[in-house]
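Only one structure is covered here, and it is reproduced in the block below.
The values are calculated or read from the model by the stated rules, or taken from the named source; none is laboratory data. Since this is a predicted model, take the numbers as computed values, not measurements. Please note: Cβ atoms are built from the backbone with ideal geometry, for glycine as well, and neighbour counts cover all protein chains shown.
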Amino acid sequence: MIIKSFFRQKTTRIYVLAFTLIFLVLALLNISKEYLNKKVNQEYGNSFSYFESEKDIDLENNSFIAEYQKGQKINYNNEFIYFIVSNNVKKGEILIPSYYQPEENSFYYQDKFFSLSTYSFNMHFPLFKINTSDYQDLFTNEGNVYFFKLKNWLNMDKTILKIEKQYDVSVITYLNNNETTNYEWMINTIEIFIYLMILIFIIIGWIALYNVVNDDKKTRLLYKCLGYSKIKTKKILLAKILLLLLVSIIPAILIYNILWWILIH
């Protein structure tokens, strides 16, 4: 009864409307930010980074790295070539980048002959693919080169510096991005608006909290007449505040999830 009368008040409805609008704007801003981040990662989808290290480095749980693979670097006819394992390669075969023009149609290494086939690769980088069994026969260790892709390419410079510092390595990055859209500027602008909306929420929230508490003081006599204890009156006050926020945030959560499913999923 008390809660129902609270939500019938004009001021409460104004607070609900104000909070709902704020949460909706925050939801839309966050979705926009995630969508632009997704676009950035899609455009850099074929980009990769790598570093060389004789140490055994575990990148599995690195929060910056989406995927990684160990490889091997060799000197072949005074040219450095990089090998990685691929499940799509037959035994006795090596896949080479389409741009690469070998002198012969076969590859001889470690007293073994391999036939050569090409695969589409838009980077000018000598990355060869080989069968797991052949890889193990040719190379004595798992690899001395670590190829990886970032989870988020937007802040790649800062991320690469952190990875270099963490593992004491020098990272080389090959980028594949022909787009000229300045997503970083757009995302930074969105973040400014997010902080602005949070500031507005704090200001309105403080005003609403002050008024709800102040109005509650006026009804304490009614609570006493109804036989409510001080603890129960405090619980009622807390319920009012929590329900006010809950009712306001539910529409924003629903819209956020719908948009996330459509744009991000």
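Scan segment 52-69 residue by residue and report those that are under 19 Å from K151 (Cβ atoms) and surrounded by 14 or more Cβ atoms within 10 Å (Cβ to Cβ). Steps first, please.
Of all residues in segment 52-69, those under 19 Å from K151 (Cβ atoms) come to 57-69.
Of everything in segment 52-69, those that are under 19 Å from K151 (Cβ atoms) and surrounded by 14 or more Cβ atoms within 10 Å (Cβ to Cβ) turn out to be I57, L59, N62, F64, I65, Y68, Q69.
Please find, among E43, E79, E103, E93, the residue that is within 30 Å of K162 (Cβ to Cβ), among the acidic types (D, E) and surrounded by fewer than 18 Cβ atoms within 10 Å (Cβ to Cβ).
Values: E79 fails: within 30 Å of K162 (Cβ to Cβ); E103 fails: within 30 Å of K162 (Cβ to Cβ); E93 fails: within 30 Å of K162 (Cβ to Cβ).
Criteria check complete, one pass: E43.
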Only one of (1) hydrophobic (A, V, I, L, M, F, W, C); (2) buried (at least 18 other Cβ atoms within 10 Å of the Cβ); (3) outside the structural domain of K112 (by TED's automatic domain parsing) does not apply to A18, and that is (2)
Return a yes/no flag: does segment 152-174 have any residue that is touching a Ser or Thr at 6+ places or on another chain (Cβ under 6 Å) and among the aliphatic types (A, V, I, L, M).
-> yes
